[in-house]
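These notes are about the structure you will find just below.
The values are calculated or read from the model by the stated rules, or taken from the named source; none is laboratory data. Treat the numbers as computed from the prediction; the structure is a model and nothing was measured. Glycine also receives a Cβ, built like all others from the backbone with ideal geometry; neighbour counts cover every protein chain displayed. Areas reflect the complete protein model, heavy atoms only, side chains present, ligands, DNA and RNA absent. Shrake-Rupley method; radii C 1.70, N 1.55, O 1.52, S 1.80 Å.
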Amino acid sequence: MSGIEEGTSLDGEPGNAGRREGASRTTAPAYTTSSGIPLSAHYGPGDVPDDHWLKVTAPPGQAPFTRGAYPEMYRSKPWRIFQLSGFGNPEDERERIRFLLEHGETGFLMEHDRMTADHLYDVDHPEVVARRDDVGLTGAVILSVDDYETVLDGIDIASTYAHAGGAVVQHAPFANACYWTVARRRGIDLRRLAGTGQSDFNLTYLGCINKVQVPPRDGLRFNLDLIEHCTRYLPKWVPVSIAAYNAADTGLNAFEELGALMANAAEYLDGIRQRSKLEVADVAHGVGGVNLRTSMDFFEDIAKLRAARSMWERLLRERYGVTDERARRLRIHVVTAGSAMTYSQPLNNIARGTLMGLAAVLGGAQSLGVSGYDEAITIPSEHAHQMSVRIQQILAHEANLTAVADPLGGSWLVESLTAQLEERAWEFFELIQREGGYVATLDSGWLHQRASAGASLAMDQVENGDRILVGVNAYQDDVSPFEVEGFEGTTDAWDRAMTRLAALRRERDSRAAASALRTLEGACRSEVNIMGPMLDAVEARVTVGEIGDVFRTVFGNWDVPIVF
Amino acid sequence: MSDEPARILMAKTSLDGHWRGVTIVERALREAHFEVIALGMATAEEIVRAAVDEEVDLVGLNLGGRSAVVERIVAELRAQGSDVPVMVGGVITPQTKKRLESSGIAVFPPGSSLEDIVATARRLCEHSAEMKQEAQ
Ligand code: B12
């Protein structure tokens, strides 16, 4: 591929390709981190505040965990290699997951179709029919628990950590219930089942906003139901996993990402404190598995992971009085920034993925997903997926990175950045509280505006040449263009799902399905935890669209605060 | 040409909800004094209807799904007697880019500069205005 042909005109005349070559800066270089923290030319002991030094005298594995979640880190707990995967028919998703596990992935992540799963529509819904060629493009079409059985066939879910799908809040109760049902049918003790369905507010109400979905207040209730249910019956399952990554790749900077993460957690934990018989300490472990982004600001990203652990520890101790130290330990999954991956000269992205993955390792991540080199083109091809796994394996085995925990601990620069990020992040947290709390900032669009400002700034810096992106606004020549065609997936996902849907409706006990849906509706209208009735409905083979109909009837639709 | 700002209809063809790129393009177009109508996630039919009803000078599509919808939209616009030009951006493979460009559609994949997008929009809208005048 020859890079982006800029300004190609309609009549095929070459435009001013290469005009931005060597784009000159508009201003003198400002030395700051990407979130705007000023950088000195060198650092010394005086740059680290005393109270911060005190904190980092605690070794890794001890509160406040700035230096790591566990004492021996990767010696005793290698990070989990964990890549987003899935597309097309349930069989396609299964094959890709098996492929990744065979190549060394140590957990797996199910991606479901945006049209049907995220929107809770059946494949014959008019909004889906109108876009039938998009169905299955970025995740498998899963209509009912039957399709979960197909995806998981031959995959050892008893001992492999999974992301079961259900990243979108309104989809999570159904997705989790389907996965647990398959596990139960296999005779797996749910008390030992490990995984998550994510159910992330940053994705659902900030990053990628569905056309139709339940309002955030009702989404919050779903998540509290999940937290309560899992705390009682699935103690190893992470009921909700806050994905600060999604907020960051939408446009929040490093300290905003941290502040929003804490504010999001506070909203969940306040909710538990208000409505539940459970103690915050009981649910803390479940809510303490989150994800963060590393991007192309190496030291700031490392500092961010360290600051996140320390902030979490403080939040649980000060705001919620959690006395058990282990319950105040944050576990972090890192996703490398998709937005750092470029369309032009895609092989350069392998270097970017390696750097961002390295930051995650030096920051002490518990699991890692490295974005594919074809990230800006399509969902990953098999080869790009394999490369993401290989990058992680090289980091894990070849560069002697895993012997020592928190290798950058004590670096004046990294400690200084850790302290400064933490301070700025708490300020942002307070700002959110003043706006009425995390959910209020989603309802009002305040958080979207912050993200939008960050995204615009990033764009402008590249446009002005203030930030160099190799192959994009500089060094566009490519002597040996490497063609990345992009992965097109399958084209029969909609047709085959229509056939499955018809068969399902014909074969199942329709009275049992209807009655289970009525019970679910009743639970939605009351204060009963919806997960019990949801599990019954899944067992009665209800479809994703039928669940959606119940939710739409009871909760209506969110009034989205931004126009796009 | 009249002093009225040229009107651009912007829409997302898939139900994917990514808004970062499309709002940045809309902002750049507004700053360049275009009037932008943001339709959001819409079906091909809805996009064609809005383009015809609003008599826009240019249709901008953000692709988040497969690309055949672009040709469907163009064909339907022409069938309804509209000559309005179309430009697209978003998730686009290199092959798709070549295919669409060969049928005269301006294509802006990730990494495109806003300056180029605005310049192309300007040129396409001027072309549109000339066509409208000729038709009168
Ligand atoms: C940031 C991002 C997100 C953010 C959302 C940000 C937001 N609010 O928009 C988050 C993290 C939440 C997210 C989530 C997901 N994402 Co996403 N995301 C991206 C990413 C990394 C960058 C997009 C971006 O904003 N870039 C910056 C902007 C400025 O660039 P842009 O959008 O390309 O726009 C430029 C041009 O395309 C053009 N342009 C755009 N629109 C238009 C319109 C017109 C008319 C014109 C002229 C020009 C134009 O101009 C812009 C300036 O150059 C891309 C991959 C990539 N590197 O491109 C994936 C990507 C778009 N996501 C993808 C997917 C699949 C998802 C997820 C399903 C999870 C996942 N597998 O990653 C979820 C979606 C869930 C859902 N419900 O829909 C896929 C889509 C694949 C496809 N359609 O075939 C991509 C390509 C990644 C991948 N390879 O899998 N995502």
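Listed conditions (1) away from chain B (no Cβ under 14 Å); (2) surrounded by fewer than 21 Cβ atoms within 10 Å (Cβ to Cβ); (3) out of contact with any Lys or Arg (no Cβ under 9 Å at 6 or more places or on another chain) are all met by A:ALA130, apart from (1).
Here's a check for you: in segment B:38-56, which residue that is in contact (Cβ under 8 Å) with a residue 40 or more places away in the chain and open to solvent by 20 Å² or more (accessible area, probe 1.4 Å) is nearest to A:ILE562 (Cα to Cα)?
So, considering only residues that are in contact (Cβ under 8 Å) with a residue 40 or more places away in the chain and open to solvent by 20 Å² or more (accessible area, probe 1.4 Å), the one nearest to A:ILE562 (Cα to Cα) is B:GLU54.
If you filter segment A:37-91 down to residues that are within 29 Å of the chain's Cα centre (by Cα) and of a type in the set (A, V, I, L, M), you find that the one that is nearest to the ligand (Cβ to nearest atom) is A:LEU84. Among residues of segment A:337-348 that are within 11 Å of another protein chain (Cβ to nearest Cβ), those with a Cβ under 7 angstrom from a residue that is part of a helix (DSSP H, G or I), sequence gap 6+ or separate chain, pair up as A:GLY338/A:ASP249; A:SER339/A:ASP249; A:MET341/A:ASN349; A:MET341/A:ARG352; A:THR342/A:ASN348; A:THR342/A:ASN349. Filter segment A:454-490 for residues that are more than 11 Å from the ligand (Cβ to nearest atom) and at positive phi and give the result. Of everything in segment A:454-490, those that are more than 11 Å from the ligand (Cβ to nearest atom) and at positive phi turn out to be A:GLY465, A:GLY471, A:TYR475. Taken over segment B:101-120, the criterion of being in contact with a helix residue (DSSP H, G or I) (Cβ under 6 Å, 6 or more places away or on another chain) and either more than 11 Å from chain A (Cβ to nearest Cβ) or more than 9 Å from the ligand (Cβ to nearest atom) (or both) is satisfied by B:VAL118 alone. Quick check on segment A:451-489: of everything there that is surrounded by fewer than 15 Cβ atoms within 10 Å (Cβ to Cβ) and at the interface with chain B (Cβ under 9 Å from one of its Cβ atoms), which residue is modelled with the lowest pLDDT? In this case the residue turns out to be A:GLU483. In segment B:78-114, which residue that is open to solvent by 80 Å² or more (accessible area, probe 1.4 Å) and touching a residue at least 12 places away in the same chain (Cβ under 8 Å) is farthest from B:ARG49 (Cα to Cα)? Here the residue is B:ARG99. Only residues that are within 13 Å of another protein chain (Cβ to nearest Cβ) and in a loop (DSSP other than H, G, I, E, B) were counted in segment B:1-31, giving 6. Condition first: of a type in the set (A, V, I, L, M, F, W, C), open to solvent by 10 Å² or more (accessible area, probe 1.4 Å) and away from the ligand (no atom under 12 Å from the Cβ). Can you find one or more residues in segment B:25-33 that meet it? The answer is yes; a qualifying residue exists. Within the option set A:ASN253, A:ASN210, being within 12 Å of chain B (Cβ to nearest Cβ), over 13 Å from A:GLY288 (Cα atoms) and within 16 Å of the ligand (Cβ to nearest atom) holds for one residue only, A:ASN210. Restricting attention to segment A:136-161 and to residues that are open to solvent by 30 Å² or more (accessible area, probe 1.4 Å) and within 14 Å of another protein chain (Cβ to nearest Cβ), the residue that is farthest from A:GLY195 (Cα to Cα) turns out to be A:LEU137. Regarding A:SER371, is this residue closer than 22 Å to A:ILE332 by Cα and of a type outside the set (Val, Ile, Thr)? It is true that A:SER371 is closer than 22 Å to A:ILE332 by Cα and of a type outside the set (Val, Ile, Thr).
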